[in-house]
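Take a look at the structure set out below.
No lab work stands behind these numbers, since they all come straight from the coordinates. Given the structure is predicted, the values throughout are model-derived calculations rather than measurements. Neighbour counts run over all protein chains shown; Cβ positions are idealised from the backbone, glycine included.
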Amino acid sequence: VTYKIGILKWLNFKNNLLLMFKGMKYDNFITFVDFSANIDIDNYIQHILDRSPRKPPHCDFNFLKKEYQLLYNKQADYKYVCNGHDFTYITMMAFHSEFSRDKNITQEKVESHLRIAYSATAFQRTNIYNELSGLIDSHNI
């Protein structure tokens, strides 16, 4: 689901569409069956269109749906498409579902638990650490 959300964000960035994602209502287009998240792409696209007053005139539902599918079909690496905040929000939504006993969990708690799941030493052994370190070194940051 996070990947599918990221595709529209990528499309927005790629084409400078001025779509408004901040403050979007995930429950307008995401549902759960047990702990499996499902997304209604049509509702997602329409939700974003409805809250994006500065979008260009050509940016309508049909345009976004067609361009979305083209990007989705590229099967880009999820590491470059997914957004961590979307992931943690959807994880929080799963805990708010009828199948969870801890309905008081917040997005901040999810993020905190993920941060403390790794010690600094364990994180330094991950691919993401190595890739980020290489990127930082190559740009002298």
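The list [x] 10.7; [y] 7.2; [z] 8.1 gives values of mean projected area of the Cα convex hull in nm², and only one came from this structure; which label was calculated from it?
The calculated read-out lines up with [x].
Among Tyr129, Tyr118, Tyr72, determine the one that fluctuates most according to a GNM of the chain built with springs between C-alpha atoms less than 10 Å apart.
The residue that fluctuates most here is Tyr129.
Counting only trypsin sites (Lys or Arg not before Pro) that are in a DSSP loop and have at most 11 other C-beta atoms within 10 Å, tell me the longest site-free stretch of the chain.
26-53
Test of understanding: what is the full-extension gain from Asp50 to Lys25, defined as 0.36 nm times their sequence separation minus their Cα-Cα distance?
The Asp50-Lys25 span can extend by a further 7.8 nm.
Comparing Thr88, Thr126, Thr106, which has the greatest mean-square fluctuation in the GNM of the chain with Cα pairs linked when under 10 Å apart?
Thr126
In deg cm²/dmol and to the nearest 500, what is the mean residue ellipticity at 222 nm of the chain if only DSSP H runs of at least 4 residues count, each as -39500 (n - 2.57), divided by the residue total?
That comes out to -16500 deg cm²/dmol.
Charges only on Cβ, +1 for Lys and Arg, -1 for Asp and Glu: so what's the dipole of the chain about the Cα centre, in debye to the nearest 20?
Using Cβ point charges on Lys, Arg, Asp and Glu, the chain gives about 280 debye.
Enumerate the amide H contacts of Ala37 below 5 Å, restricted to partners 5 or more residues apart or on another chain; note that Pro and chain-start residues carry no placed amide H.
For Ala37, no residues qualify.
Would you mind calculating the relative contact order of the chain from Cα pairs under 8 angstrom and at least 6 residues apart, reporting the percent as a whole number?
Reported as a whole number, the value is 25 percent.
Among rounded, prolate and oblate, which fits segment 69-141 when a ≥ b ≥ c are the square roots of the eigenvalues of its C-alpha gyration tensor, a/c under 1.5 means rounded, and a/b larger than b/c means prolate?
Oblate shape, in that a/c is at least 1.5 and b/c is the bigger or equal ratio.
If I model a spin label at Gln75 and Asp42 as a point 7 Å from the Cα along the Cα→Cβ vector, what separation in nanometres do I get?
2.7
May I ask you to sort Leu114, Leu135, Leu8 by Cβ crowding, counting other Cβ atoms within 10 Å and putting the fewest first?
With the fewest neighbours first, Leu114, Leu135, Leu8 line up as Leu135, Leu114, Leu8.
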